[in-house]
Each structure stands twice: as structure tokens, then as C-alpha cells.
Amino acid sequence: MGMPELNEDPFVGKPAPNFCLPDAQGTSFCLDAFRGKWVILYFYPRDNTPGCTIEAMQFNAALEKFVDLGAQVIGVSTDSQESHQKFADKYSLNILLLSDPDHKVLTAYDSWKPVMLFGKDVLGTSRDTFLINPEGLITDVWRKVSPKGHPEAVKSVLMKRKENMK
């Protein structure tokens, strides 16, 4: 079955905290606007770093499958809109990337926490993913994700969840 810690997260079964954040063009997107769809909300540390690039490219490669499953993929980091634009252009990313420079949303999802950087504890982004159902409830949480193959794992859980709703 895989990782039991998936559903032991305190966020599971609770309403996803709403937020509005700008995309690379400065257009504001609010989580509420996606009600009625599944949302894959993933937090990642930084544009253009190796792990984040792998994760973004794999989500991007699976995007059509996610769309077919009625899901919206949203990537959030503390990077600027300009940084997101460069990142998207460089790797031809079509996923929605939103900027959370004040880490308000990261904090709301408990994904802004002490991380080890060069042997020091600093506050940073935990690589976490939240699966949110069409009613706006969090069904699954992945914490401290390993980027390779993660989008596939999310997709298989999403497919199971959709089956169970029928």
C-alpha cells in the first residue's frame, strides 16, 4: 500500500484554508474558484533548483492526465512572479505557479517550518502536497516529498479517490 503516514496528517478531512495569490502575470487566483474540481496543491522550496525542477516538470508532463481527471495542479513557492515566469519559460511549464512571498499560505498549511540548510535550522518551505476534493476538503497530504515519481503517486491516489466517490 505504501506510506501510512499519508493520512495521519491533522489536515486530512478538514476544509482547505482558502487563499488568493498572484500568478507570474500578476493575476490573482483564489482556491475557492476551483470548487467543484479536484485540486493538487503543492508547495516547493525554490524555482530552478534540481528537485523543484524535476517535480514541476513531472507535474507538467502529467498535466493532461490530471485535467482529464478533473484536477487543477497548483504549485506555490515564495519566489517572485518574475522568477516564476522565467522558470515556466525555461522549462515550458503550463502548471499554475503562484507566489507566496510573505509565506502566509505556506504557514496556513503548516508548510513553513524549520529546515536544515548548511547545518543550520532556518525557516523554509517544506515540500508538501495536498489533495483537495471538489467540496474543498483535504483528502490526502504528502509531507517532505521526494520529487521523483511524486506526481505519479498523487495521480494514483486521485484515481482511487474518484473511484470511491462513484
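The values are calculated or read from the model by the stated rules, or taken from the named source; none is laboratory data. Worth saying up front: this structure is predicted, and the values here are computed from it rather than measured. Backbone-built Cβ (ideal geometry, glycine too); neighbour counts: all protein chains shown.
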Leu158 buried (at least 16 other Cβ atoms within 10 Å of the Cβ) and not β-branched (Val, Ile, Thr): yes
In region 117-138, anything crowded, with 20+ Cβ neighbours inside 10 Å and hydroxyl-bearing (Ser, Thr, Tyr) is listed as Thr125, Thr129
As an exercise: evaluate Pro114 against (1) at pLDDT below 95; (2) surrounded by 15 or more Cβ atoms within 10 Å (Cβ to Cβ); (3) in contact with an Asp or Glu (Cβ under 9 Å, 6 or more places away or on another chain) and give the number of the one condition it does not meet. (2)
Hey, can you tell me all the residues within region 115-130 that are outside any strand (DSSP E or B) and either within 18 Å of the chain's Cα centre (by Cα) or under 17 Å from Asp47 (Cβ atoms) (or both)? Ser126, Arg127, Asp128
